[in-house]
Structures are given as C-alpha cells and as structure tokens.
Amino acid sequence: DDDETYLASCGVVPSPVADADYLLARGLFCTLDGGSPAPLHFGHDDSCDDVLAAAAARRLPLLVANPDLVRPDGKASPMPGRLMARYAEKYEGAAYPVGKPYEHIYAEAIRRGCDGAAGRVLAVGDSMAHDVAGANRAGVDSAFVCWGIHANDVGVEPGSAAAPLDADRLDAF
C-alpha cells in the first residue's frame, strides 16, 4: 500500500525489469515497474511469473526484506517468502533474504542499537517460525503477537488486541 513512499525513503527509484539492478520483495500488493503502481491480481503462486522470468533471464538478484510465507489475515497473496522460494526453485534465481528469521537482521539490530548487547534487543512478531524462532537462535528476547498469523491457533480474534487470551490454547500451541 505504501510501496512508493517506502522506496523513496530508501532512495530507491523503481525501474522496469529490463533496466533494474535487482528485485525487491517486501510485501506484494502491487508491482512497481518504473511507472505507476500496478495492482497485483493474485490468484496463485504463478501470478508473478512474468516478472520472475524476465528477472531470471537477466540474472537479477532478489532481495527479500520480509520473507513471510502467509498473511496475518489469511488471504491469498504471493508473500515475499513464497516468491523467494519460487524464484530460486523454478527460475534458479539468486535470492537473498534480509529479514526475520535470518541471523543478520538480529546481528545488525544488536550492532546498531545496543552496542553489541543482545539483552537490550526485543524482537516483536506474530510468527513462531520466523519472528520468535529467529530471535531465539540469535539469543534475543521476543514478544509474540498473539492476534497475528497464529490467532486461530491460540484462540484469539485475528487482528484484535482486545480479544481475551485463552491461556490453555496458548500453552498447548
């Protein structure tokens, strides 16, 4: 939704795949191909194959800022983690995840914000496999957001911080 603003804040200007230096996946609601944003009409994992094929033909690397596999609302979407897997597997493209759960995101947070003290970093996220597990591997404390992608698993209303927490379901999870 805010892809253009995000890219501008990073000093990045979208360009057509034919002129690009790399692909960036952070969340996929639209494609920016050097012009106006084009809504991404997602039906299946192959919805981005035209872009991936063109990028692979040019041997462009794919940087994945958010390697999540599912959306918190459960809706179908070519999440960046799924796009990364498809690019690597189907097109043999080089893909580089740079977000949770990969170690370097935590190492950089520790380096930048805490003078090397992991005990001063708190990772916050709604994915046990990405956010919590990645933090645990990096030796960083984590706060699990129960009303995200695992809301149904722990017995809370998705997207609602006001829902009562079912402690037994959370323990079982």
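The table below gives the values:
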quantity: Total residues in region 17-30, condition at pLDDT below 85 and open to solvent by 50 Å² or more (accessible area, probe 1.4 Å); calculated: 2
quantity: All positions within region 80-133 that are in a loop (DSSP other than H, G, I, E, B), closer than 28 Å to D46 by Cβ, open to solvent by 30 Å² or more (accessible area, probe 1.4 Å) and not charged (D, E, K, R); calculated: Y91, A94, V98, Y102
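The values are calculated or read from the model by the stated rules, or taken from the named source; none is laboratory data. Since we're looking at a predicted model, the values are computed, not measured. Note that we place each Cβ from the backbone using ideal geometry, even for glycine, and neighbour counts take in every protein chain shown. Just the protein is used for accessible areas: all its heavy atoms, side chains included, with ligands, DNA and RNA removed. Shrake-Rupley method; radii C 1.70, N 1.55, O 1.52, S 1.80 Å.
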